[in-house]
Each structure stands twice: as C-alpha cells, then as structure tokens.
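Please read the structure below before turning to the comments.
The values are calculated or read from the model by the stated rules, or taken from the named source; none is laboratory data. Worth saying up front: this structure is predicted, and the values here are computed from it rather than measured. Here Cβ is always computed from backbone atoms with ideal geometry, including for glycine, and neighbour counts include all displayed protein chains.
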Amino acid sequence: MTPREIIAEAWTITRREKSLRRWGLFSSFFETLFLAKLLIYQAWFIWGYFQGRPVGFFDDVFWLQNNVSQTAFFSIIGTVLFLLVIEWIFPRLAKGAIIGLSAKAAKKEELTGGPILAFYNFFPMVGIHEIFVLGSITNVVTLSSLILRYIDGDVKFYIIGILAFFWLLSSVLHFLASFAEPAVVVSRESIFSAIGTSFKFIVSYTGHILFLWLLLFVISIRIIINIVFALFIPAIIIGLGFVLINILSPLMTILVAAGIGTILIFIASYFFAYLHVFKDAVWTITYLELKKNKDLTVIDA
C-alpha cells in the first residue's frame with residue numbers, strides 16, 4: 001500500500017469501528033484530564049514564583065486542610081489520588097487494545113478481544129513508555145518546575161538545559177521506536193526486540209516513513225488543538241474558581257469548577273478520540289505492510 005492508501009484505510013477504520021473510538025475516547029479523556037490538572041498546578045506555581053512567594057509541594061494540601069471539613073478533605077485527596085492512578089493506567093491499557101483491534105480491522109477480522117489485548121499488553125506498553133519517559137513534554141515541564149522550586153542558584157538553569165537536551169534525544173529515539181508498540185502487540189516481540197525492529201524499519205524505509213509523516217500533518221493539527229484546549233480548559237476552571245470563591249464556600253467552588261471542567265474535558269476528548277485512534281491505526285497498518293517486505297539485512301535466507 002502507498003502512504004496515501006494507508007492514510008485512507010486508517011481513516012476508514014477510525015470512522016467505521018465504534019469499539020475503537022470508545023477505547024480512544026476514554027484514553028483521550030484521562031490523558032486530557034491529567035494534562036489539565038498539571039497545567040492548573042503549574043499555573044499556580046508560576047503565579048507564586050513571580051509574586052516572590054514560591055509554592056511548596058504540599059501547599060495545596062495544606063490549603064484544603066485549612067479551608068474544608070475533614071470529611072471533604074479526605075474525600076478530595078482520595079479522589080485525586082484515585083484519578084492519578086487511573087490516568088496513568090488506562091491510556092496504557094487502551095494503547096494495546098487500539099493497536100490490536102486496528103490490526104484486526106486491517107486484516108478484515110472480527111473486532112473481538114479488546115479487554116484481553118489491553119491487559120495482556122499492559123506491561124510492555126508501560127515498559128516502552130517509561131524507556132522514553134523524558135520524551136514527554138509534560139514530564140519535562142514537571143521536572144523543570146521541581147528544579148526551579150527546590151534548587152537554588154544559577155545551577156538550576158544549567159540542569160534545565162541538560163534536561164532539555166535529554167528531552168530532544170529521547171524524542172528522536174522515540175520516533176525511531178515508532179513501530180515498537182505494533183511489533184509487541186501484533187508480532188508478540190519482546191520490548192527490546194520490538195525497538196530493534198522499529199529502528200530497522202525506520203532506517204530501511206526512511207523515504208516511505210517521512211512521506212507518511214508529511215501526509216500525517218493532521219497529527220500536528222491535533223497537537224495544536226490539544227495545546228489550545230489544554231490551556232483553555234484550565235483557564236476556564238481557574239477563572240470560575242476566582243469568581244465563585246467570592247460567592248460560594250471553598251468546597252462548593254472546588255466541586256462546581258471541577259464538574260464544569262470535567263464536562264468540557266469529556267466533550268474535547270470525544271473529538272480527540274478520532275485523531276488518537278487514527279494515529280495508532282496509521283502506524284499499525286504501516287507496520288503490517290512493512291512486514292510483508294523482505295528484510296533488507298537478509299541476503300540469502
């Protein structure tokens with residue numbers, strides 16, 4: 001298949017298969033929810049930093065403890081911790097299901113076994129994600145925030161510069177491992193074997209892959225939209241918080257702002273689900289097509 005045919009097939013599968021979009025919806029919802037909370041927290045930190053009143057790591061917990069009842073305090077803290085666990089687990093569960101079901105759809109097979117694909121591939125998906133953990137801009141922002149907060153002197157800026165270098169290096173390596181996840185799910189390869197396979201495919205078919213990236217310009221649009229929504233939703237929540245705090249109690253302000261923010265995130269995630277599934281379907285179908293070609297390192301089988 002040509003890159004154009006791969007794009008067309010992936011988009012057809014994305015639009016046709018509702019089960020794939022359901023996995024994509026919940027994955028996008030929890031990813032966006034985590035990103036919104038992170039941006040709210042970082043906005044609070046930056047505001048305090050430039051006001052000359054650095055925000056401590058547990059200042060938000062102390063504020064809650066002093067402004068709401070004990071029952072509400074433990075309920076909020078428990079809910080936040082529970083959501084953090086779900087936000088970390090579910091996108092990695094969904095990744096295995098989306099890739100596996102996309103491969104079945106491309107092979108014209110019945111789309112069954114989503115949960116078993118999710119659970120069976122959970123730990124390999126975690127392993128691949130953690131190997132390239134510094135390739136995530138959210139992780140780099142969080143680490144930079146901690147460095148600025150707890151390290152004194154100009155040395156902290158050198159550390160952030162080193163962190164930025166490792167982010168760039170990890171991003172390049174993550175690109176070279178683009179086919180690692182499909183190799184794990186579809187071909188049952190081990191993590192490091194899958195990464196090696198991906199490196200070989202990227203190097204062997206660089207022109208094909210780069211042309212595919214050009215056709216996947218919509219992914220760049222998705223990133224831009226993600227950033228806009230991720231900035232817009234926390235801004236709404238923070239604005240509501242400032243307005244409602246003068247009208248309602250601190251507990252009611254938190255509940256109303258969180259409720260409205262969750263609804264907005266769910267609506268945004270519905271549209272992200274299409275692009276989330278589409279991206280994974282493109283790489284999965286491309287992997288299936290490249291596997292049909294002869295291994296360029298094998299001369300005489």
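Figures for the structure shown
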read-out	value
Selected residue (only one of Gly78, Gly56, Gly48 is small (Gly, Ala, Ser), farther than 30 Å from Leu101 by Cβ and modelled with pLDDT of 75 or more)	Gly78
Residue within the range 141-152 that is touching a Lys or Arg at 6+ places or on another chain (Cβ under 7 Å), assigned to a helix (DSSP H, G or I) and farther than 27 Å from Ala177 by Cα present	yes
Filtered residue count, the range 112-163, keeping only those that are closer than 18 Å to Phe45 by Cα and of a type in the set (Asp, Glu)	1
Residue in the range 217-229 that is modelled with pLDDT under 65 and touching a Ser or Thr at 6+ places or on another chain (Cβ under 9 Å) present	yes
Qualifying positions in the range 98-125 - more than 20 Å from His174 (Cβ to Cβ), part of a helix (DSSP H, G or I), free of Cβ contacts under 8 Å to residues at least 24 places away in the same chain and of a type outside the set (A, V, I, L, M)	Lys104, Pro115
Residue that is nearest to Pro124 (Cα to Cα) [pool: residues in the range 65-79 that are assigned to a helix (DSSP H, G or I) and touching a residue at least 40 places away in the same chain (Cβ under 8 Å)]	Ile76
Residue count for the range 103-132, restricted to those that are surrounded by 14 or more Cβ atoms within 10 Å (Cβ to Cβ) and either under 20 Å from Ile195 (Cα atoms) or within 12 Å of the chain's Cα centre (by Cα) (or both)	14
